[in-house]
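What follows is a short report on a single structure.
The values are calculated or read from the model by the stated rules, or taken from the named source; none is laboratory data. Since we're looking at a predicted model, the values are computed, not measured. Neighbour counts run over all protein chains shown; Cβ positions are idealised from the backbone, glycine included.
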Amino acid sequence: MSDDEPDPDPSASLPRHELTGLDLARAVAAAYRGAEPSARKATLRTRASPFFGRRRSVSGAAQASGAHPDERDPQTLDSTIGRLVSERGWRTDVAVHSVFARWDQVLGTEVAEHVVPERYVDTELTVRADSTAWATQMRLLAGQVLARLNTELGHGTVTRIHVQGPQAPSWRHGPRSVKGRGPRDTYG
């Protein structure tokens, strides 16, 4: 070859760049589709993600958030849990269980030491007293407690209070038992 003739392939004298990682995957995908990586269009197709209705890129390219906040930005735990509670319709249950957590502040420490809330289902609250005397006392105070709870939670949140006494010991031992009055002659 003479100095006047140009090289047939100018890239032959340059070291060949080996593709690795993401560049290699894109080159393979482009070759599989039959297009050069530089020739493909830069359009991004998106589809809904199963989480929170976010959209994600099908081609794998990251979407920039931009200068203004949107749903892809990091969220505080408070706002995320608040959104979850409102989407699922748990506002009333969360409010009632927050009253369970501060039961002694709502009813007073003396009553709260002897009467505890057990469950809230369909606007009915079930409480358990540690003695029959406190169960009777709670039945007498049920109207006032109901008014206080509805003041705290909103009108109609609690419509009825079921008061249960202490648990009696069970004489049943095992899955089988005999019907009848049970052991009566063991006390003398």
* Please find, among Thr92, Thr136, the residue that is farther than 22 Å from Pro166 by Cα and part of a helix (DSSP H, G or I). => Thr92
* Looking at region 99-133, which of its residues are in a helix (DSSP H, G or I), among the acidic types (Asp, Glu) and more than 32 Å from the chain's Cα centre (by Cα)? -> Glu110
* Only one of Arg88, Arg56 that is at pLDDT 85 or above, among the basic types (Lys, Arg) and either surrounded by 13 or more Cβ atoms within 10 Å (Cβ to Cβ) or under 29 Å from Glu118 (Cβ atoms) (or both) -> Arg88
* In region 125-156, how many residues are out of contact with any Phe, Trp or Tyr (no Cβ under 8 Å at 6 or more places or on another chain), closer than 22 Å to Asp93 by Cβ and among the hydroxyl-bearing types (Ser, Thr, Tyr)? -> 1
